[in-house]
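Chemist: Here it is, the structure, as structure tokens.
Read-outs throughout are calculated quantities, based only on the coordinates presented, and are distinct from any laboratory measurement. Fair warning: this is a prediction, and the values are worked out from it, not measured in the lab. Counting neighbours? That spans all protein chains shown, and the Cβs are built from the backbone with ideal geometry, glycine included.
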Amino acid sequence: MLKDLLTPQTTNAFVGKLGDILVKAIDKPLGYAINWGRLWSLWPVHIETACCSIEFGAASSPRYDVERFGIIEAFGSLRQCDLVVVQGTITRKMAPRLRLVYDQMPEPKYVIAMGACAITGGLYFDSYNVLPGIDGILPVDVYVPGCPPRPETLIQGCLLLQEKIKCMKAR
Amino acid sequence: MSVPLPPGLQLEKFEEDDKIMTLNVGPQHPGSGHMRLIIRVDGDYIVSCDPDPGYVHRGEEKMAEYRNYILNIPHLERPVIHDSCNILYPYVLGVEELLGLEVPERAKYVRVIAAELNRLSYTLYWLAIYGIFLGHSTMFMWPVGDRELAIDLLDKLTGARVTHSYFVPGGIRNDFPANFEDVCIRQVNYLKKRLKTYGDIFYDNPILISRTEDTGILSREDAIRLGTTGSVLRASGVDFDVRTKEPYDAYEELDIHTNVLKKGDSYDRSKVPWLDMLESCNIIKQALEKMPKSGSVRVKLKPNPKGGDDEVYKRVESGRGSLGVYIVSRSKPEPYRLKLSVGSFRNLICLPYLLKGEKLGNMPAVYWGLNYWPVEADR
Amino acid sequence: MSSSDTDTKTETKEKETTQTKPVVVETTPAEKGPELPKFEKDLSNKITEKFGSKTEIAFVKPDRVRVNVKKEDIINVASYIRDELNFDHAESVTGVDFPNDKEIEVVYHLGSYTDPKLARQVLSLATRTTREDNPNPGNDSTRLPSLRDIFYSVEFHERECFEMLGVYFEGHPDNRRLLLPEDWADIPPLRKDFAIKGR
């Protein structure tokens, strides 16, 4: 019976169907597992762009200790990183470099825009050398407002990103 | 996903020599901040270094020409948000001279206390980054943790963690909150005790000494010739501190000791800010004792005040050295031209000079020992 | 109160109209009241004795003296200030644009570390150069002699002044771009005719 069904002509179709069924069965739990692994080990790249880096440093201080949420201190190669925290103003000189850094990072990668300057240009809305927000160069996942945001706000932004990763489709 | 570079922008291409190699340190590098050093190395030794700042150039000076004297306050403190009282200080002094304002006596002392607390919080952060640059993780955690005490005090006083906007022309925004003096003395005493333990763990540490001693020596003559300022200058044996040489506000009545070290290497440059922090604790305690116990803290200011046809150059001692503000006024509510002459930018000239002939591994110690904050240098 | 206000206003207006060329605020020491800035007066007298009419003392305030010189004489005056008056470093170099006078002013703020008597003093040495309406930085007549050989510390300040106002410093070894992006193709941003967004 099965031999009759599985002629060489239909094998491919059958295997394809089987794959679809398998994907439907395990994609969700597997994706959840992958995302779970990702969200507790976010590695930010060490790129300081402006003054919000002070509060980024303060967030890893003993008082705020962002490491307990799985966001490690920003030291290391960008080839291992999967998170860009854009710490403040992006000037026209920095923008191509920021994009270069983002392009060199492996997928999947997430972006947090920290501070009013990274969101809209902030206080420097009319400056000649400042971009009005980083939306034009990077796809932003979470916006953390403030000038500069307090470390608590940054931590909340990181938790929001983790919530978002949980709901994302694993790539 | 990659986006082509904008037309007209060519990132530099370097000619490769057989022996000489060019390294880009920054802007994405664990050992540099928001700036780039183009370093050419021969083996392990640095042949030349060309600093390339400007990654955070936000055009503060141009923006200041479009805002009146009050609206300029918030954005002028952004270059050094962790030392925001000190970068605002010369601007406020200059505007007061332009408008002919007399500051109440109590406000002068409160300003000194806020500025010294800010110097503490700035220098502790600087020390933390210095520690992590040299691979000393404890020296990152301790100062950043202790810095929160100074920030708590400033938070209580001004209502913001780092961007205070506390100084206004004519005084300060608000007086001390209740019980501030007691809390301040207690926390400053604690900070002083902690600072002394840094001496044991960091400055007497043989690893730190071997990494920083005799690297990047800046002689007294060169420090003067290059026009350096702040801790770099005092580590090279020049006794210059604006707080004692040209005292402003309440510094005249206070007894301040200037810390001068002789040798001018990276170790001395890392030690002077620490000694300054201990001195800051003394200054805060003196100011709290000497200050008038009551009185107004601000004189009334007309809306949209105008300065005459005049110019002022005021300078104060910030965490990174002498910080000058030059305001040209032309009878308008806005300054005609405003120039920030900042310590970081003045110390930048040392970098090519000090790194030449140095080992590449000594670069972080020399670079961060200059007390250089890129955002301030770029303005 | 109101009458005095109007008086001062008219006075300043008169000043504006009468003073066309130099931006000089004459504050003679007699107006300063009992406190004569004697030391500063001595400093300025030394310069005027040496150079006579070539220099112009713009003001003498406590701890601040400003000297205006023509651009042909600035090298001589700066050498004299360094060698005889013991000012040894430059704190800042500021360019100020005056489109109405068709001139750009460059102010050197000089200080001293070696002479303890001069620790409070900041001497401003100002000079002016012509300004062109269509600037072409480096290739037009907006030029000044560089003071780098006299005050080594002006090196980065003059580079900044070149890119921000387009003043080319002759004799400066390194007139490259410093702070602005590599693809900057507009006029120098600190000129008054460079308008920022929405203003």
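Chemist: Please give the Cα centre distance for segment B:190-265 versus segment A:80-110, rounded to the nearest Å.
Modeler: Cα centres, segment B:190-265 to segment A:80-110: 37 Å.
Chemist: A further question follows. Under a Cβ-only charge scheme (Lys and Arg +1, Asp and Glu -1), can you give me the dipole magnitude of segment B:127-285 about the Cα centre, in debye to the nearest 20?
Modeler: So the magnitude is around 340 debye.
Chemist: Could you work out the Kirkwood radius for segment A:72-116, taking every pair of different alpha carbons, averaging 1/r and inverting it, reported in Å?
Modeler: Radius from the Kirkwood sum: 11.3 Å.
Chemist: Report, in listed order, any pair from C:Lys50/C:Lys71; B:Lys314/C:Lys46; B:Lys339/C:Lys70; B:Lys108/B:Lys300 with a Cα-Cα distance greater than 20 Å.
Modeler: B:Lys314/C:Lys46; B:Lys339/C:Lys70
Chemist: Let me ask something else. Quick one: putting +1 on the C-beta of Lys and Arg, -1 on the C-beta of Asp and Glu, what dipole do you get for segment A:1-127 around its Cα centre, in Debye to the nearest 20?
Modeler: In total the dipole reaches around 240 debye.
Chemist: Among C:Val60, A:Ile47, C:Leu180, whose Cα projects farthest towards the positive end of the dipole of the protein assembly as shown, with charges put on the beta-carbon of Lys, Arg (+1) and Asp, Glu (-1)?
Modeler: A:Ile47
Chemist: Hey, another quick one. Can you give the percent of C-alpha pairs in segment B:236-320 whose distance is more than 17 Å?
Modeler: For segment B:236-320, the share of Cα pairs beyond 17 Å comes to 63 percent.
Chemist: Which of B:Val144, A:Ile112, A:Leu98 sits farthest toward the positive end of the charge dipole of the protein assembly as shown, with +1 on the Cβ of Lys and Arg and -1 on the Cβ of Asp and Glu?
Modeler: Towards the positive end, the residue furthest out is A:Ile112.
Chemist: Can you compute the radius of gyration and Dmax for chain B, using only the Cα atoms, both in Å?
Modeler: Answer for chain B, Rg first and Dmax second: 21.4, 72 Å.
Chemist: Which of the listed residues, B:Ile129, B:Leu370, B:Val312, is farthest toward the dipole's positive end in chain B, when Lys, Arg count +1 and Asp, Glu count -1 at the beta-carbon?
Modeler: B:Val312
Chemist: Further, regarding this structure: Tell me the angle of helix A:8-39 to the major Cα principal axis of chain A, expressed in degrees between 0 and 90 and rounded to the nearest ten.
Modeler: The helix A:8-39 is inclined about 30 degrees to chain A.
Chemist: How far is helix A:151-167 tilted off the main Cα axis of chain A, in degrees rounded to 10, range 0 to 90?
Modeler: Between the helix axis and the principal axis of chain A, the angle is about 10 degrees.
Chemist: Taking the simple approach of a point 7 Å from Cα along Cα-to-Cβ for both A:Asp20 and C:Arg177, what is their distance in nm?
Modeler: Here the modelled spin labels are 5.6 nm apart.
Chemist: Report ³J(HN,Hα) in whole Hz for each residue of segment B:33-42, in order, from the Karplus equation J = 6.51 cos²θ - 1.76 cosθ + 1.60 where θ = phi - 60°; Gly and Pro get x.
Modeler: 3J(HN,Hα) across segment B:33-42, in whole Hz: x, 8, 8, 10, 10, 9, 10, 10, 10, 10.
Chemist: Taking every DSSP beta bridge with both residues inside the protein assembly as shown, roughly what % is antiparallel (nearest 5)?
Modeler: Counting DSSP beta bridges with both partners in the protein assembly as shown, the antiparallel share is about 75 percent.
Chemist: Once you charge only the Cβ atoms, +1 for Lys and Arg and -1 for Asp and Glu, what is the size of the charge dipole of the protein assembly as shown about its Cα centre, to the nearest 20 debye?
Modeler: Using only the charged Cβ atoms, the result is roughly 1580 debye.
Chemist: Suppose only helical runs count, i.e. DSSP H with n ≥ 4. What mean residue ellipticity at 222 nm does that imply for chain B under -39500 (n - 2.57) per run, divided by all residues and rounded to the nearest 500 deg cm²/dmol?
Modeler: Computed ellipticity for chain B at 222 nm equals -13000 deg cm²/dmol.
Chemist: Considering only DSSP beta bridges with both partners in segment A:39-167, what is the antiparallel share in %, to the nearest 5?
Modeler: 10
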